[in-house]
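Just so you know, all these numbers are worked out from the coordinates, no wet-lab data involved. Since this is a predicted model, take the numbers as computed values, not measurements. Ideal geometry is used to build each Cβ from the backbone, glycine not excepted, and the neighbour counts take in all protein chains shown.
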Amino acid sequence: MNKKRAVVLLSGGLDSTTTLYWAKNEGYDCVCLIFNYHQKHKKEVQFAIKIANLTNCEYQVIKFQLPWSGSALIDKNISIPQDRKTLSQEEIPPTYVPARNTIFISFALSYAEAIGAETIFIGANALDYSGYPDCRPEYYTAFNKLVQLGTKSGAEGKQIKILTPLIDKSKAEIVKLGVKLNVPFELTWSCYKGGSKPCGRCDSCILRSKGFKEANLINNYQF
């Protein structure tokens with residue numbers, strides 16, 4: 001029996017890696033899309049490639065550059081926030097990249113349709129996140145409707161579905177799921193900065209630490 005084919009958006013972080021392992025555990029034949037969009041550092045790209053190789057997944061690195069700024073992740077003149085004690089879903093932080101998930105999913109949709117994949121996986125979650133509007137469930141509900149209306153596959157009744165298996169999970173629940181799936185957390189990179197070690201102070205590091213702490217586990221990095 002042929003496996004179901006899926007495109008997985010892989011950043012090399014905790015969430016996307018857990019999503020990849022979840023999809024493989026569900027029997028999907030996964031191909032990974034990794035994005036180099038001229039972010040301030042390339043460590044996440046390096047870690048994503050390691051994960052793809054470790055899982056024996058075919059992968060593509062998509063390289064592009066937005067000719068405008070608007071985000072602390074790509075603009076050297078905008079500082080990445082540190083030591084924020086309250087991460088509110090009502091406040092969109094400077095690390096938001098304008099329409100980034102829309103751009104990423106559009107690439108994934110084109111790739112999925114070209115190779116005959118029926119599913120796109122993305123590791124978005126709506127509970128422990130720092131205010132990104134493109135991590136909300138209603139966003140993915142709307143995008144799935146767009147997929148049906150705007151593709152040859154959809155017009156022929158072969159809809160490609162965007163699935164978000166982590167959307168309603170806390171970071172602690174994601175960590176616990178990853179443990180069950182034998183996710184190599186030590187080979188994932190979550191930090192918004194690209195130093196030799198995670199900064200421990202950006203929103204992503206804080207959320208990661210929170211997840212491991214609430215799961216009663218050590219925040220596992222390998223250096």
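Assorted remarks:
- Taking Cα centre as origin and charging only the Cβ of basic (Lys, Arg, +1) and acidic (Asp, Glu, -1) residues, the dipole magnitude of segment 45-152 rounds to 200 debye.
- C-alpha center-to-center spacing [segment 103-177, segment 1-76] in angstrom: 14 Å
- For the chain, a crude dipole built from +1 on the beta carbon of Lys and Arg and -1 on the beta carbon of Asp and Glu, taken about the Cα centre, is about 460 debye to the nearest 20.
- Inter-label distance for K42 and K145, nm, one decimal - labels placed 7 Å from Cα along Cα-to-Cβ: 4.1 nm
- Taking the Cα centre of segment 1-80 as origin and assigning +1 to Lys and Arg Cβ atoms and -1 to Asp and Glu Cβ atoms, the resulting dipole is close to 160 debye.
- Placing pseudo-labels 7 Å out from each Cα toward the beta carbon at T102 and K76 gives an inter-label distance of 2.9 nm.
- Qualifying aspartates and glutamates (Cα of each under 12 Å from Cα of K210; at least 8 residues distant if same chain): D128, E173
- Calculated [222 nm] ellipticity per residue, helices only, for the chain: -11000 deg cm²/dmol; basis is -39500 (n - 2.57) per DSSP H run with n ≥ 4, divided by all residues, nearest 500.
- Pairs exceeding 18 Å between alpha-carbon atoms, taken from K176/K213; K43/K169; K63/K152: K43/K169; K63/K152.
- Segment K50-E26, extension gain: residue separation times 0.36 nm, minus the distance between their alpha carbons: 6.5 nm
- Ranked by the mean number of other Cβ atoms within 10 Å per residue, highest first, peptides 25-33, 44-52, 5-13 order as 5-13, 44-52, 25-33.
- Taking amide H positions as modeled 1.01 Å from N, with prolines and chain starts lacking one, the residues under 5 Å from T119 and 5 or more places away or on another chain are V7, K161.
- Each residue of segment 156-166 was assigned a 3J(HN,Hα) from its phi angle through the Karplus curve 6.51 cos²θ - 1.76 cosθ + 1.60 (θ = phi - 60°); the sequence is 8, x, 10, 5, 8, 9, 9, 10, 10, x, 9 Hz, with glycine and proline shown as x.
- The label-point distance for L66 and K213, in a model that sets each label 7 Å from Cα toward Cβ, rounds to 3.0 nm.
- Dipole of the chain, positive end: most advanced residue of G178, V8, S106 [Cβ charges, Cα centre]: G178
- Of the cross-linked pairs K4/K161; K85/K180; K50/K197, those separated by over 21 Å at the C-alpha level are K85/K180.
- Cα lying deepest toward the dipole's positive end in the chain, options P93, I78, T119, charges on Cβ: I78
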